[in-house]
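J.: Before we start, here is the structure in question, set down as structure tokens.
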Amino acid sequence: MSYQSNSKDDAYLDRNLAVMALAKLAQQQGYRVGIKQDPHQPGWPVIMIDLPTGQVGWHIPEAELLGDWQQYPQEWDGHDLEEKRHRMAVYVAENLSNGAKIL
């Protein structure tokens with residue numbers, strides 16, 4: 001994996017690194033975190049996190065997946081992108097000290 005590029009793929013690499021960092025931080029806070037294989041997208045494992053607001057997950061190219069991850073034991077709950085964003089927004093809003101409103 002190269003960290004030096006000027007392509008539009010840079011944004012995706014940054015996103016993938018941020019998701020892995022988020023997952024490790026969530027794991028350190030006691031949240032269930034792991035890798036789930038998507039049978040419909042081989043080579044694109046999903047990093048799953050169980051937040052208090054619900055399950056969230058991100059596909060990461062296998063070549064960019066860093067570190068050792070446990071297998072995620074739960075089934076995908078069927079959430080779509082809109083639901084994932086809502087779960088994330090609620091979680092962030094509930095954990096902000098300034099009382100910000102969700103989107």
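J.: Return the residues of the stretch 1-25 that are over 17 Å from the mean Cα position of the chain (by Cα) and either within 13 Å of LEU65 (Cβ to Cβ) or at pLDDT below 80 (or both); say none if nothing qualifies.
T.: Correct list: MET1, SER2, TYR3, GLN4, SER5, ASN6, SER7, LYS8, ASP9.
J.: Report every pair of residues separated by at least 6 positions or lying on different chains whose Cβ atoms are under 6 Å apart, first residue within the stretch 42-69 and within 14 Å of ARG32 (Cα to Cα) and assigned to a loop (DSSP other than H, G, I, E, B), second at pLDDT 95 or above and aliphatic (A, V, I, L, M).
T.: Correct list of pairs: TRP69/ILE35.
J.: Could you check the stretch 26-39 and list, in sequence order, the residues that are closer than 17 Å to ASP68 by Cα, in contact (Cβ under 8 Å) with a residue 12 or more places away in the chain and in a loop (DSSP other than H, G, I, E, B)?
T.: Listed by number, the residues that qualify are TYR31, ARG32.
J.: I've got another one for you. Hey, does the stretch 54-67 have a residue that's under 12 Å from the mean Cα position of the chain (by Cα), among the polar types (S, T, N, Q) and under 21 Å from ALA93 (Cβ atoms)?
T.: Yes: the stretch 54-67 contains one or more residues that are under 12 Å from the mean Cα position of the chain (by Cα), among the polar types (S, T, N, Q) and under 21 Å from ALA93 (Cβ atoms).
The values are calculated or read from the model by the stated rules, or taken from the named source; none is laboratory data. Small disclaimer: the values here were computed from a predicted structure and weren't measured. Cβ: placed from backbone, ideal geometry, glycine included. Neighbour counts: every protein chain shown.
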